[in-house]
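Engineer: Supplied in structure tokens, the structure appears directly below.
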Amino acid sequence: MVEPRPLSRANFDSLWAAQSGQCALCGKAMPRGRFDVAHASIWKKQRPTFDHIVPKAAGGPDRLENLQLAHAVCNKRKGKRQAGGVDGRDAT
């Protein structure tokens with residue numbers, strides 16, 4: 001069996017289900033698609049993105065075990081810091 005690419009749709013769907021559509025960093029709901037929000041500028045900030053728990057810049061692997069979904073704005077705010085806490089949420 002061929003393993004899906006780390007940033008694949010299959011892995012997105014798996015993470016979405018595991019996180020119940022919640023941002024791993026702030027805990028708030030994420031829109032699944034562009035038309036789940038009123039305006040494109042809202043989508044740009046709230047869209048779900050892949051976040052590396054241990055950042056790639058810190059040597060984190062590009063594997064499913066090291067990925068979580070986060071709002072684009074939360075992911076950008078986290079930057080190269082490592083997510084902390086029991087549930088992987090950013091320790092701020």
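Engineer: Relative to the Cα centre, what is the charge dipole magnitude of the stretch 10-84, using +1 at the beta carbon of each Lys and Arg, -1 at the beta carbon of each Asp and Glu, and rounding to the nearest 20 debye?
Structural biologist: Its charge dipole is roughly 400 debye.
Engineer: Counting each pair of different Cα atoms once, what's the Kirkwood radius of the stretch 9-78 in Å, rounded to one decimal?
Structural biologist: Details: mean 1/r = 0.0813 Å⁻¹.
Hydrodynamic radius (Kirkwood, Cα pairs) of the stretch 9-78 is 12.3 Å.
Engineer: For residue 41 and residue 29, calculate 0.36 nm times their separation in residues minus their Cα-Cα distance, and state this gained length in nm to one decimal.
Structural biologist: Separation in residues times 0.36 nm, less the Cα-Cα distance, equals 2.6 nm.
A short reminder: the numbers here are calculations on the coordinates, not readings from a lab. Keep in mind that what you see is a predicted model, and the values were worked out from it rather than measured. A quick note on method: Cβ atoms are made from the backbone with ideal geometry, for glycine too, and the neighbour counts reach across all protein chains shown.
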